[in-house]
Each structure stands twice: as C-alpha cells, then as structure tokens.
1. Share of the stretch B:1-98's accessible area from carbon and sulfur, percent, 1.4 Å?
2. What's the FRET efficiency of residue A:41 with residue B:1 using the Cβ-Cβ distance as r and R₀ = 45 Å, to the nearest 0.05?
3. Across peptide A:28-34, what mean number of C-beta atoms from other chains lies inside 10 Å of a residue's C-beta?
4. Rounded to a whole number of µm²/s, how large is the Stokes-Einstein D of the stretch A:7-61 at 37 °C and 0.692 mPa s, given Rh as the Kirkwood radius over C-alpha pairs?
5. For residue A:21, what accessible area in Å² do you get when you roll a 1.4 Å probe over the heavy atoms of the protein chains, rounding to the nearest 10?
6. What does the buried accessible surface come to for B and A, summed over both chains, with the probe at 1.4 Å? Round to 100 Å².
7. Using the Karplus curve 6.51 cos²θ - 1.76 cosθ + 1.60 with θ = phi - 60°, work out ³J(HN,Hα) for each residue of the stretch B:181-189 in order, rounded to whole Hz, and write x for Gly and Pro.
8. Let me check I've understood the local charge: for residue B:2, count other residues with C-beta under 13 angstrom from its C-beta, Lys and Arg +1, Asp and Glu -1. What total comes out?
Amino acid sequence: MPCWGWIMKCEDMEKKILLHESGELSLADADELVRHLESCTDCRSFHDDTARLLSTARKTLSADGPSPRVTAAIMAEARARVTTRTIAIPWRRARAFAYAAALVIAVTGMILFHDRKGPTDDAVADRPSAEIEQERISGVGFLLAIVCEDDVGAEEYVYEQGPQNLYELGRQLMKLEGLDTTEFMQEDDDFLSLPGALQPIGLRRHSVDEHPVKICV
Amino acid sequence: MEEEDKDLLARYRQGDVDALAVLVERYRRPLFSFILRMTEGKEDADEIFQEVWVRVIRKIDSYRNKSFISWLFRIAHNLVIDRARRRKKFISLDGGMSQSSSEDSGIGRDSTLSNVLPSASPRPSSVIEATELGEKISRAVDELPAEQKTVFVMRTTGELRFREIAESQGLSINTVLARMHYALSKLRIVLQEDYAMLGVDHEM
Ligand SMILES: [Zn+2]
C-alpha cells in the first residue's frame with residue numbers, strides 16, 4: 001500500500017515522464033526517473049502507455065501539408081516584401097509613420113471638434129453629455145484599434161512589445177480626450193483594465209483563452 | 001548541421017528569400033497538421049496556414065529573440081480562434097438563436113475556446129486515420145476540452161517542447177504539463193481496450 005509521500009512522488013514522476021519524452025529532462029532527473037520506474041509498476045505503465053499513445057497519435061494526426069498553391073503564394077509574398085524593402089522606405093518605418101499620421105489627424109480632429117467656437121458648438125452643447133462622452137470613448141477605442149490593425153494584431157502587439165506600450169498609449173489618448181484615467185490601471189504584467197464605460201470598445205482581458213488583451217471597436 | 005531558425009530569419013531579413021523557403025518547408029507538415037486538427041477542414045487550414053506566414057513576413061522586423069516555433073504556433077492558434085469566433089458570430093447572425101452573441105459582439109463568455117472551436121468531426125487526414133484505431137484516437141482527441149486539445153496537438157503534431165508550448169500560450173510550464181496530463185488520462189480511458197494494439201505499426 002503506497003503512502004502519501006509515494007503518491008506525491010508518482011505525480012512528480014508523471015511530469016518527468018512527459019518531460020523526458022520531449023527531451024526536456026536534465027540528466028540527474030532522468031537518472032532518478034529510471035530508478036523510480038524500476039520499482040514502481042504504476043509509473044511504468046503510465047510511461048509505456050504514454051509512449052505508445054503519443055507515437056500512434058503522431059501518425060494519426062499528422063497531415064501532408066497545404067496545397068502547393070498556398071506555398072507558392074507565401075513565397076510570392078516573401079519576394080514582394082524583400083523587393084519593396086530594398087527599393088522603398090522600410091515597411092516598418094512606413095507603418096509607424098502611417099500610424100503617427102493617423103493619430104495626429106484623428107487627435108487634431110477631436111481637439112478642433114471640441115474646442116472650435118462656431119455653429120457646431122451649439123449643436124454639441126445641445127447634445128446630452130453622456131452621448132459626447134461615449135463618442136470620445138469610441139474615439140480612443142478606434143485609435144487603439146488602428147494601432148493594432150485587428151484582434152489578432154492586438155494580441156501579437158502585446159506579446160511582442162509588452163502590454164506597457166499599448167497601456168501608455170491608451171492612457172495618453174484618454175487624457176487628451178479629457179477622460180478620467182484614475183480607473184485605468186494595469187493590474188499585472190498582462191492585464192489591462194479600463195473603466196466600466198469603456199469595456200465594450202476598449203481593452204479587456206480575454207479571460208478564458210488566456211490571451212491578455214482584447215480590442216474591439 | 002541544420003541551420004537554426006533565428007539564423008534563417010536573419011538571412012531573410014537581409015533579403016535572402018531562400019532562407020524563408022527553408023523555414024516554410026521545415027514547418028510545413030507540423031504547422032499544417034496542427035491547424036488542420038484545430039479547424040474545420042482543408043480549405044480553412046490552407047487559408048490559415050497562408051495567413052500565418054503572411055503575418056510572419058510582415059512582422060519579421062518586430063520579432064525579437066523569442067523561440068520562433070512558439071511565435072509561429074501562437075499566431076496560428078490566434079488565427080484559428082479568430083476564425084472560429086467569426087464563424088460562430090456569422091452563424092448566429094444568420095438565423096441562429098444564440099442570445100449572448102447578440103449582446104456580446106462575439107467576444108467574451110460566448111466565445112470561450114470550447115465554444116468557438118469546432119467540435120468533433122471525422123476528417124481523414126492520413127492513411128492511418130482510415131483505420132479503426134486511428135479514427136478512435138482522432139475522435140477522442142477532438143472530444144478533449146479545447147485547452148487540453150491545443151496542448152496535446154501542439155506536442156504531437158507540432159513537436160513543440162513543453163517549454164515552447166508554455167511560451168506560445170503565455171502559460172507556466174506546470175499548467176501546460178497539467179493539461180497534457182489530463183488529456184492523456186482521458187485518452188487512456190477512452191482507448192483502454194485498444195492498448196494492446198497501440199504502438200503496432202499501422203502504416204501500409
Ligand atoms: Zn511511481
């Protein structure tokens with residue numbers, strides 16, 4: 001009858017069996033594993049079943065590859081990119097420039113819209129402030145979405161650049177728009193949260209998929 | 001010795017298209033097998049495979065020093081989820097009765113991995129799958145909870161190490177190992193009777 005200590009050791013060994021199979025186990029741990037397998041039938045059967053199951057699953061689940069036209073299209077894209085890079089402005093800088101330009105235009109537009117004295121001002125004054133606030137909020141969400149291109153882009157952006165840059169940009173834009181940023185905080189490394197009102201259009205945790213950030217407009 | 005991913009990427013950055021071709025070829029089968037298993041069919045898998053590489057090509061300048069395979073599979077996985085989410089949204093707009101999707105624009109509780117990813121459907125993808133045991137394994141894998149299936153398929157078809165899966169999914173290695181462990185436990189139960197046959201070479 002195994003005692004608790006033995007069962008815990010077996011749980012630990014099952015992890016080590018997986019790591020051994022993937023070639024990620026240190027030599028010392030591998031030695032310990034081999035010694036344990038010699039004396040523990042449960043772990044030995046887990047080891048043997050796992051090895052057979054994985055080997056059969058690999059054969060079962062692996063497919064040949066995409067259609068040849070797909071690979072051809074990828075290589076065409078790869079060549080086009082190299083050509084543009086050598087004869088034009090580097091793409092990354094061009095994109096950064098485009099973002100900057102879009103931001104400047106959009107922010108200027110917003111500032112002009114809110115500050116200008118004139119006929120439109122009365123129209124603005126007549127509208128309920130909640131509606132105007134909502135418009136400003138949408139503006140911020142829209143600009144953040146431009147920066148990230150789309151949902152997948154947002155996730156990649158945060159993965160590559162860290163959430164800090166996106167967070168900071170969001171905060172600055174909210175400030176520019178005169179929105180309250182006290183509730184806009186970064187709770188941990190990959191968790192951005194916006195006040196309740198921004199939730200539908202802002203950043204939020206995509207909880208179940210464990211993708212850190214979601215942008216939707 | 002095989003040239004490393006990061007060296008090939010560096011060569012492509014300097015304009016050597018052949019270096020990228022080596023990478024595409026290196027990951028052709030593992031990446032495509034992963035996508036095909038996680039999505040609805042060959043046509044979808046073709047499109048997603050292409051989109052993954054287009055994104056790699058476009059973002060190559062901002063890619064920094066993380067494991068390339070983790071990055072590659074992360075993009076693929078995001079695109080798979082994104083497509084499933086859109087499809088679900090489209091289906092519910094197209095006359096579906098889903099209540100939550102109308103108020104939730106398809107992102108949130110309604111689009112958890114388990115809800116958006118395609119459910120089990122027989123999709124023969126290789127010779128062995130045509131055999132009875134192959135079909136059984138294939139079905140059992142499709143019936144795993146989505147996050148366990150993701151780890152299992154990345155490990156088997158993609159040949160990612162656990163450390164690479166963890167990096168790709170933004171999880172701790174212990175979480176990844178636990179998911180793999182749950183997946184194996186379930187598959188072991190489903191395939192109990194067939195264990196005698198497992199490991200025998202079924203290829204023709
Ligand atoms: Zn044991």
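The values are calculated or read from the model by the stated rules, or taken from the named source; none is laboratory data. Note that this is a predicted model, so its numbers are computed, not measured. Cβ placement follows ideal geometry from the backbone for every residue including glycine, while neighbour counts extend to all protein chains displayed. Only protein heavy atoms, including side chains, enter the accessible area calculation; ligands, DNA and RNA are left aside. Shrake-Rupley method; radii C 1.70, N 1.55, O 1.52, S 1.80 Å.
1. 48 percent
2. Details: r = 41 Å, r/R0 = 0.91.
After rounding, the FRET efficiency stands at 0.65.
3. The shielding value for this peptide is 0.
4. Once the numbers are plugged in, D ends up at 285 µm²/s.
5. We get 60 Å² for residue A:21.
6. Looking at B and A, the buried total is near 6500 Å².
7. Each residue of the stretch B:181-189 in turn: 5, 4, 4, 5, 4, 5, 5, 4, 5 Hz.
8. -3
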